[in-house]
Each structure stands twice: as C-alpha cells, then as structure tokens.
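What follows is a short report on a single structure.
The values are calculated or read from the model by the stated rules, or taken from the named source; none is laboratory data. This one's a predicted model, so the numbers in the text were calculated from it and none came from an experiment. When we count neighbours, we look across all protein chains shown, and the Cβ atoms used for this are built from the backbone with ideal geometry, even at glycine.
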Amino acid sequence: MPARHFLTLTDLTAAELAGLITRAAQLKAAHKRGQSQVRYPGRVMAMLFEKSSTRTRASFEAAWTHLGGHSMFLSPRDIQLGRGETVEDSARVLSRMVDVLVVRTFSHERLELLAAHSTVPVINALTDRFHPCQLLADILTWTEQHGDIRNRTAVFVGDGNNVCHSWMEAARLFGFRLRVAAPQGYRPAADLTATYVDCVEILDDPQTAVAGADAVITDVWASMGQEDEAAARQAAFAGFEVDQALMARAAPGAIFMHCLPAHRGEEVSAEVIDGPQSVVWDEAENRLHAQKALLELLLG
C-alpha cells in the first residue's frame with residue numbers, strides 16, 4: 001500500500017479530521033493521567049528542517065518519544081539534501097531507513113517532490129504555502145474553548161501567509177466561516193481565494209472583519225526569510241494590530257489565537273496576548289497532542 005502523506009489539510013477527509021481532533025483530545029487526557037502511550041517502539045522518525053523552529057521541533061520530538069519511537073534531527077548542515085544529492089534520491093534513501101519523514105522547508109514544491117519519491121509518510125511541518133499541523137492544534141484548542149466549530153466565525157488579521165492559507169482550507173473542511181483582513185499586496189494567494197470563495201471572505205478593514213467573530217487570529221507580519229521586508233511590512237500593516245479595542249468588536253467570549261512566536265507591539269498588543277482572551281499557550285501545547293494523533297493516523 002502506498003504511503004499516506006500529510007502535506008495539506010486536504011490530504012485528509014472532513015470525517016478523518018474530525019476523528020483526529022477527537023483522538024487528540026483523548027491522547028491529551030490520557031497524558032494528563034500519566035498513562036503510557038507507547039505505540040511504536042523501535043520506529044524512527046527523521047526530521048528534515050531547513051527552517052529553524054521551537055514549537056514544531058519540540059512538539060514532534062516529544063510526541064514521538066511519548067509514542068515510544070526514536071527521532072533523528074537532520075538540518076541542512078547534516079545532510080546533502082538538494083546540494084550534493086537530488087531531493088528525489090534523498091527521499092528514496094531516507095525512506096528505506098526510517099518510518100516517517102517530518103519536513104520543514106521553504107518551498108512547498110520541494111516538499112511535494114520528497115513525498116512523490118518517499119515510501120513512508122511525509123508530514124508538512126511548514127512550508128511557504130501551508131502550515132497544516134498548526135491548524136490541527138488550533139482546531140483542537142477551539143474545540144476545548146468553544147465546542148463545535150461548525151457554523152462559527154473566525155477572523156484572520158494580517159498577512160495572508162501559510163497559516164492563513166491553512167485556515168482557509170480548514171474553513172471548508174470543518175464547516176465554519178472565515179474572514180481575512182489583509183492590506184492590498186498581502187492578501188492570500190489568488191488561487192486559494194478563488195477555491196474557497198464559498199466559505200472565506202477577504203476584507204481590507206480589520207474593524208469590519210472582526211465584528212461579532214468568535215475567534216481572532218493573527219501571525220507575525222514578516223515571517224522567516226522576509227526580514228529584509230520588515231520595514232515595508234510594518235508600514236503596510238499599520239492599523240492591523242490586534243489590540244484591546246479591536247478585540248472589543250468581537251463576540252463576547254471571543255478567543256485570541258497566534259501560532260507564535262509573537263512580536264508584542266506589532267501584530268498584537270501585550271494586553272491581548274497576555275490577557276484572559278488569549279489561548280496561545282494552549283495552542284502551543286496542543287501541537288504535541290494533535291501531532292500524536294496525526295502520527296497514529298498515518299502509521300496505523
């Protein structure tokens with residue numbers, strides 16, 4: 001049977017995603033009770049990271065340890081991926097030695113090339129186009145805080161980036177409405193906007209977008225690799241900071257979400273991210289539990 005990959009949320013059905021969130025909650029509860037979760041003793045997970053990380057690396061390594069396996073971290077300094085060896089050949093070799101490949105890279109096309117030549121599951125741990133593992137944790141967090149996400153309203157304020165793209169996919173798969181407030185020039189990819197026009201609305205004004213929303217989400221204005229654009233992006237995103245005044249326009253009990261790391265005083269005020277509506281630390285922890293459920297699903 002061919003390996004099953006997780007490159008975007010659409011690699012799973014809506015029913016599978018719902019089941020994964022339920023399973024993640026079960027695994028989290030069992031972990032809190034101190035129950036053993038060893039499932040894959042002697043199995044190996046290789047982590048190919050061309051971009052640095054805190055939450056993604058720590059959560060995947062911890063998750064695989066909880067499941068009884070061994071993790072192998074491979075940075076660009078450690079292997080010849082795309083330099084002395086083709087991406088295709090690296091995939092062929094590594095997938096004969098390990099049981100799952102977790103890849104964090106810039107190019108989504110490179111990830112797809114790896115998956116096309118891998119005989120073991122490949123997981124997208126972030127590319128420049130999508131960040132689906134973050135959304136698994138986000139939906140788990142929403143469910144804990146708000147219950148069923150179906151027919152609710154979420155708002156993404158800021159850069160139409162990889163996290164925003166995965167929120168767009170999630171809107172259809174989980175059955176909620178998403179509004180995206182982004183300035184001209186920083187909107188989500190046009191092909192995705194066209195694909196998800198039935199469940200995603202693109203707006204210029206964050207004040208209008210946030211009105212009555214159940215959750216307000218943001219991300220940094222300049223992602224890794226965009227440092228030279230930081231000044232221009234700060235000017236473009238003036239007025240898009242999620243502060244207390246903006247949160248006050250959301251529905252009573254609305255939550256604030258951020259994938260982290262955060263820049264207080266830029267995309268979010270300290271009063272919001274460190275305040276009572278913020279669930280960012282739950283999101284960070286839930287990367288661990290959601291990814292355990294994902295590994296189980298892909299490996300069987």
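Observations, loosely collected:
- Residues that are hydroxyl-bearing (Ser, Thr, Tyr) and outside any helix (DSSP H, G or I), drawn from segment 37-83: Tyr40, Ser52, Ser53, Thr54, Ser71, Ser75
- Residue in segment 100-120 that is of a type in the set (A, V, I, L, M, F, W, C) and at pLDDT below 95 present: yes
- Residue count, segment 205-235 (criterion: without any contact (Cβ under 8 Å) to a residue 24 or more places away in the chain and loosely packed, with under 13 Cβ neighbours inside 10 Å): 4
- Enumerated helices (runs of 4 or more DSSP H) restricted to segment 85-166, each holding at least 2 residues that are farther than 16 Å from Glu283 by Cα: 87-94, 108-116
Matching residues to (1) surrounded by 14 or more Cβ atoms within 10 Å (Cβ to Cβ); (2) closer than 22 Å to Ala24 by Cα; (3) of a type in the set (Val, Ile, Thr):
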position	(1), (2), (3)
Arg43	yes, yes, no
Glu50	yes, no, no
Arg55	yes, yes, no
Phe60	yes, yes, no
Gly69	yes, yes, no
Met72	yes, no, no
Ile79	yes, no, yes
Thr86	yes, no, yes
Met97	no, no, no
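- Restricting Thr153, Thr119, Thr127, Thr105 to residues that are β-branched (Val, Ile, Thr) and within 16 Å of Thr10 (Cα to Cα) narrows the list to Thr127.
- Considering residues of segment 224-244 that are of a type outside the set (Phe, Trp, Tyr), modelled with pLDDT of 95 or more and within 28 Å of Asn286 (Cβ to Cβ) only, the residue farthest from the chain's Cα centre (by Cα): Gln244
- Of all residues in segment 39-50, none satisfies being at pLDDT 95 or above and within 25 Å of Trp142 (Cβ to Cβ).
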